[in-house]
1. Can you tell me which residues in segment 1-56 are in a helix (DSSP H, G or I) and of a type in the set (Ser, Thr, Tyr)?
2. Name every residue in segment 93-115 that is modelled with pLDDT under 90, of a type outside the set (Val, Ile, Thr) and over 23 Å from Thr175 (Cβ atoms), in order of residue number.
3. I need the full set of residues from segment 10-50 which are in contact with a Gly (Cβ under 8 Å, 6 or more places away or on another chain) and either within 20 Å of Met152 (Cα to Cα) or open to solvent by less than 80 Å² (accessible area, probe 1.4 Å) (or both), in order please.
4. With respect to the numbered conditions (1) closer than 23 Å to Glu160 by Cβ; (2) aliphatic (A, V, I, L, M); (3) in contact (Cβ under 8 Å) with a residue 60 or more places away in the chain, which one is the sole condition not fulfilled by Ala51?
5. Within segment 57-70, which residues are outside any loop (DSSP other than H, G, I, E, B) and modelled with pLDDT of 95 or more?
6. If the requirement is being farther than 16 Å from Lys17 by Cβ and without any contact (Cβ under 8 Å) to a residue 12 or more places away in the chain, which of these qualifies: Asp69, Asp80, Asp108?
7. Residues to consider are Gly48, Gly23; find the one that is touching a helix residue (DSSP H, G or I) at 6+ places or on another chain (Cβ under 8 Å) and either under 18 Å from Ala121 (Cα atoms) or among the small types (Gly, Ala, Ser) (or both).
Amino acid sequence: QQYTDLAPVSNEHDNLKLEQLSGSINRCIWIGLKRNSSDREKWLWSGGRAATMFFWAPGKPNNCHSVEDSGCVWINRWNDANPQNINTFFCHRAIVVEEELTWEEALDYCREHHDDLASVASETEMLELPKHNTTEHIWIGLRFLSRDWLWMDRQVMDYEAWGEGENPGEVFWATHDCEKRPSFISKVIN
């Protein structure tokens, strides 16, 4: 209701951010990790994409009593836990920053004031983008480097939404001159 979803952890930077936010809390803190119901050896983010990087505690996941289908952070490492447990949690949200900056300036702004330019790495994340009435285009954290498209937060590029919007209000990716100055979407972990 107040955020986009439970927090995903895409890389070491995200994991360190959660470590800083957890401070001295000495119990499990929910993240958006859940066991894939059709392949119980795999894990998904609550937004729908496959988890590709893990920070499990030694011996985890162990699916104790065959009910540990959700992920949490405890003492800076991941654990599997029963989703019926009552725990505190980490959320994330994407916000539209209505300043008009170049891509590089937007990246610097997000890293200084929030976490990063937002990655939009699944269809669910595309649907969760905040509505905006700013510039026609907005920057996301995708960049072409060394003959390949890469997410700046190091997520795996396994979803693409390139296109020419056929319907009014349809969201899709398009390439633009990095020196133009549209608004941008920033990722915030709380």
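1. If the condition is that a residue be in a helix (DSSP H, G or I) and of a type in the set (Ser, Thr, Tyr), then Ser22 is the only one that fits.
2. Arg93, His114, Asp115
3. Step one: filter segment 10-50 for residues in contact with a Gly (Cβ under 8 Å, 6 or more places away or on another chain), giving 30-34, 43, 45-47.
Answer for segment 10-50, where residues must be in contact with a Gly (Cβ under 8 Å, 6 or more places away or on another chain) and either within 20 Å of Met152 (Cα to Cα) or open to solvent by less than 80 Å² (accessible area, probe 1.4 Å) (or both): Trp30, Ile31, Gly32, Leu33, Trp43, Trp45, Ser46, Gly47.
4. (3)
5. Of segment 57-70, the ones outside any loop (DSSP other than H, G, I, E, B) are 64-66, 70.
Residue satisfying the conditions is Ser70 alone.
6. Asp108
7. Working: Gly23 fails: touching a helix residue (DSSP H, G or I) at 6+ places or on another chain (Cβ under 8 Å).
Just one listed residue meets the conditions, Gly48.
Per-residue answers, yes or no, for (1) at pLDDT below 85; (2) within 15 Å of Val97 (Cβ to Cβ):
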residue	(1), (2)
Met126	yes, no
Asn133	yes, yes
Glu136	yes, no
Leu150	no, no
Gln155	yes, no
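The values are calculated or read from the model by the stated rules, or taken from the named source; none is laboratory data. Small disclaimer: the values here were computed from a predicted structure and weren't measured. For neighbour counting, all protein chains shown are included, and Cβ atoms are generated from backbone atoms with ideal geometry for every residue, glycine included. Remember, those area values only see protein heavy atoms, side chains included, never the ligands or the DNA or RNA. Shrake-Rupley method; radii C 1.70, N 1.55, O 1.52, S 1.80 Å.
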